[in-house]
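S.K.: Take a look at this one; I'll ask things after.
Since every read-out is calculated from the coordinates, none of them should be taken as a lab result. Just so it is clear, the structure is predicted and the values come from calculations on it, not from any experiment. Positions of Cβ are backbone-derived with ideal geometry, glycine not excepted, and every protein chain shown enters the neighbour counts.
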Amino acid sequence: MRAPRGLSRLLLAARGWGRLGAMARYSTEQRGRPNSPDYRLYFKNADGKYISPFHDIPLLAASKEDKEIPAKRAKTTGSEVLYNMIVEVPRWTNAKMEIATEEPLNPIKQDIKKGKLRYVANIFPHKGYIWNYGALPQTWEDPNHTDTITGCCGDNDPIDVCEIGSKVRSSGEIVQVKVLGVLALVDEGETDWKIIAISVDDPEAHKIHDIDDVKKHKPGYLEATVDWFRLYKVPDDKPENRFAFNGEFKDKDFAAEIIKSTHEHWKALLHKKADGGTINCTNVLVSGSPFCCSEEDARSIVQSAPVHVNGGSVSPEVIIKVFWRCIIKS
């Protein structure tokens, strides 16, 4: 059965997404100039309201009848709980796109270091990020909480996700994923958990249910993941990163407990029971949060950002080539 023409346009409007499911409930709006410091990607829900992807998109991929934020009932496939993932960086790209945790409504932007847009180096033999990289909404790695496992505090961000499916996703896409395991990275002295997950609509999702299945069906992928995270900051003259558990991946049950903990930290943050420092907690939908703003205020936040402009910036691929050659010469 074909979708009505109007619905098809809505589904395709969000930067070419034609996928049903989670993305049908969300869309994005670009502001500023791509490949520039003022570029932002804001989010809307199915009602056309501007929202925060960090705070207003539920952690759990909820059943249709459960509209509470945070959702209390999760969608499942068999016995597996599904989570919403916010894609920040598509696989094989280099631009370090991320949720702007310190800005109202937390749009996606490109990270800036030393006044310049940030691009990760190509870690030979790979091109850019080797997975679709992003975060789980409604989670927060509390920088004031010392992790009993790693002995380090959180990195002050939502928990990261490496989605290992076969599709190259789009920045700002919302993907429903199955969690498979977790890697405990210690990045510059901070705990930085990396959730390993696969999109539920991936052709191999039916046979990959835990971290051991990744080893079986995608041999070498986990080893490449450890190597990538260990080395990706070395081109910036920083030391290699280290890991808890000697770089061993923990299973999905362990990962689920880590996610649960970071979700509890996020709830404390949104209800002023934890010190968020510079984290911006502005939201539209979180019940009982003192940081909740009106639909009109949210619209004003987006409209105050620079209008979207196409073209005129240096291609990111050109920047990466120059950056990579500089690394080689040095």
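S.K.: Output the Kirkwood hydrodynamic radius of region 225-280, Cα pairs only, in Å rounded to one decimal.
M.R.: Here the Kirkwood hydrodynamic radius works out to 14.1 Å.
S.K.: Further question: In straight Cα distance, which aspartates and glutamates are under 20 Å from K127, not counting same-chain residues fewer than 8 positions off?
M.R.: Cross-link targets: E88, E98, D111, D160, E163, E223, D227, D236, D237, E240, E317.
S.K.: Label points 7 Å out from Cα along the Cβ direction at A256 and D237: separation in nm?
M.R.: If labels sit at A256 and D237, their model points lie 4.7 nm apart.
S.K.: In vacuo Debye scattering of region 100-177, one point per C-alpha: log10 I(q)/I(0) at q = 0.27 Å⁻¹?
M.R.: Per q value, in the given order, log10 I(q)/I(0) is -1.30.
S.K.: So how much slack lies between D212 and K127, counting 0.36 nm per residue of separation and subtracting their Cα-Cα distance, in nm? Can you show the working numbers first?
M.R.: Working: separation 85, 0.36 × 85 = 30.60 nm, distance 2.54 nm.
My answer for the length gained is 28.1 nm.
S.K.: Then there is this: Return the distance in nm (one decimal) between the two label points of a simple spin-label model at K273 and K49, each offset 7 Å from Cα along Cα→Cβ.
M.R.: Distance between label points: 2.3 nm.
S.K.: Full extension from E264 to V168: what is 0.36 nm times the residue separation minus their Cα-Cα distance, to one decimal in nm?
M.R.: On the way: separation 96, 0.36 × 96 = 34.56 nm, distance 3.10 nm.
Roughly 31.5 nm would be gained on extension.
S.K.: Ok, one more. Report the Cα-based extents of region 192-286 along its three principal axes, largest first, to the nearest Å.
M.R.: Principal-axis extents of region 192-286 (Cα, largest first): 44, 41, 23 Å.
S.K.: Which entries of K113/K260; K109/K194; K167/K250; K96/K178 show an alpha-carbon separation above 26 angstrom in the structure shown?
M.R.: K113/K260
S.K.: Treating only the Cβ of Lys, Arg, Asp and Glu as charged (+1, +1, -1, -1), what charge dipole size does region 220-306 show about its Cα centre? Round to the nearest 20 debye.
M.R.: For region 220-306, the charge dipole is close to 200 debye.
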